[in-house]
Amino acid sequence: LNRRLAGMGTTVFAEMSALATATGSINLGQGFPDTDGPEEVREAAVRALREGRGNQYPPGPGVPELRTAIAEHQQRFHGLAYDPDSEVLVTAGATEAIAATLLALLEPGDEVIAFEPFYDSYAACIAMAGATRVPLTLRAPSFRPDLDELRSLITPRTRLLLINTPHNPTGTVLTSEELAAIAELAVEHDLLVATDEVYEHLVFGAAHHPIAALPGMRGRTVSISSAGKTFSFTGWKVGWVTASPDLVAAVRTAKQYLTYVSAGPFQYAVAEALRLPDTYFDTLRADLLRKRDLLVDGLTAAGFRAFTPEGTYFVTTDITPLGEKDGIEFCRALPGRCGVVAIPNAVFYDDVEAGRSLVRFTFCKKDEVLQEAVARLRRL
Ligand code: PMP
Ligand code: GLN
């Protein structure tokens, strides 16, 4: 393993999901639903397979049907107009979109400012690009960005701001004021922005605002999303980028040599998913809101300090009230102690102290699974 990837062995998600399987525990670690997405979307994938659409290499930028549906979705939900031919790129999940964006846009030695705790692939992809990550730490209990601190982190080497809203793992949803301040800094310092919005539809009360819609941002922002979370098909790995033609062309250049193209039949199915009526998105949110409250209340009753998330399907907790200090030790022991798996937030921080006592649980599981997990945690 080269120096850039030293210390980045196995992702925490793989480690903890393997632990869940080995111990037969309830897995509230890795974020994947235990109920698949809509039947009609699955049927659309089967139809595409049967009818021979996408069984051979699809076009590099993605099948036209999906690119059009992505552009329509950006218009319908965010009022953003993108040309499906030159401003949309289909990727192998948001994960590849993040990798291709960073590999395409960064020079070795560039600095990337990213909120920490950060989703684990950010650190790895910034490192693979030979760039340096500069964390802006979100701290308990509010987990909101300190925008003066953000300003102070900008140097002549800063090239890109990498933001994530709704934010995994804290559930913070950036407000329009916070986004406006970030956008102003990007314009003032002529920075690129990559924004990971995979949880764009998973917001509870708070509204999701895409930074690309703000003044001066359309041409400097790479917006990233994916079908995994919105449609409960994390295994399909269909993601996308929307940006100006120049930025999309750059990201496409990198994508060509990572995967060349993404799997075909699923693209046709996701095109149909993106056109589902508003009731689909409203029901998804309402179900998750109920699950969020179930888990937050249960964790609180079990003695955790739970920070109620405004978005995503994760709850971050502090284990200090349980007399515990170290989230990594706690998560390694938890399956043996009570048959539940969670993720230690410390692995998403450079500032390990800021995340030491924080532990993340997901609530994208059946109500009865959440209830059983809570019952087990209450016996801790
Ligand atoms: N970004 C964030 C913040 C995530 O939580 C995830 C996990 N779904 C991804 C990106 C990766 O998305 P995908 O599964 O579409 O690659
Ligand atoms: N995004 C999911 C999470 O944060 C899982 C992603 C993964 O396993 N790489 O739990």
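Nothing in this text is a laboratory measurement; each read-out follows from the coordinates by a stated rule. Bear in mind the structure is a predicted one, so any value in this text is a computation, not a measurement. Because the Cβ atoms are built from the backbone with ideal geometry, glycine has one as well, and the counts that use them run over all protein chains shown.
So which trypsin sites (Lys or Arg not before Pro) in segment 282-380 end up in coil per DSSP with only 10 or fewer other C-beta atoms within 10 Å?
Working: sites: R285, R290, K291, R292, R305, K325, R332, R337, R356, R360, K365, K366, R376, R378, R379; in loops: K325, R356, K365, K366, R379.
Counting only loop positions with at most 10 other Cβ atoms within 10 Å, the trypsin sites (Lys or Arg not before Pro) in segment 282-380 are R379.
Other residues within the sphere of radius under 14 Å centred on the Cβ of T158, judged by their own Cβ, net out at -1 (K and R +1, D and E -1). For L106, neighbours were defined as the other residues whose beta-carbon sits under 14 Å from its Cβ, and their charges (Lys and Arg +1, Asp and Glu -1) total +1.
If you scale each eigenvalue of the Cα gyration tensor by 5 and take the root, what three semi-axes come out for segment 118-173, rounded to whole angstrom and sorted largest first? Each step should come with its number before you reach the end.
On the way: eigenvalues 80, 50, 13 Å².
Ellipsoid semi-axes (Å, largest first): 20, 16, 8.
Classify segment 256-325 as rounded, prolate or oblate, taking a ≥ b ≥ c as the square roots of the eigenvalues of its Cα gyration tensor: rounded when a/c is under 1.5, otherwise prolate if a/b is larger than b/c and oblate if not. Cα axes put segment 256-325 in the oblate bin. Mind giving me the FRET efficiency for D83 and T320? R0 is 41 Å, r the Cβ-Cβ distance, nearest 0.05 is fine. Computed FRET efficiency for D83 and T320 comes out at 0.20. Distance between the modelled labels on F13 and D351, one decimal in nanometres: 2.5 nm (7 Å Cα→Cβ projection).
Taking a sphere under 14 Å around the Cβ of S232 and counting the other residues whose Cβ falls inside, with K and R at +1 and D and E at -1, yields a net charge of +2.
When Rg and Dmax are taken over the Cα atoms of segment 39-274, they come to 17.2, 56 Å. Only Cα pairs under 8 Å and 6+ residues apart enter the sum, and on that basis the relative contact order of segment 39-274 stands at 32 percent.
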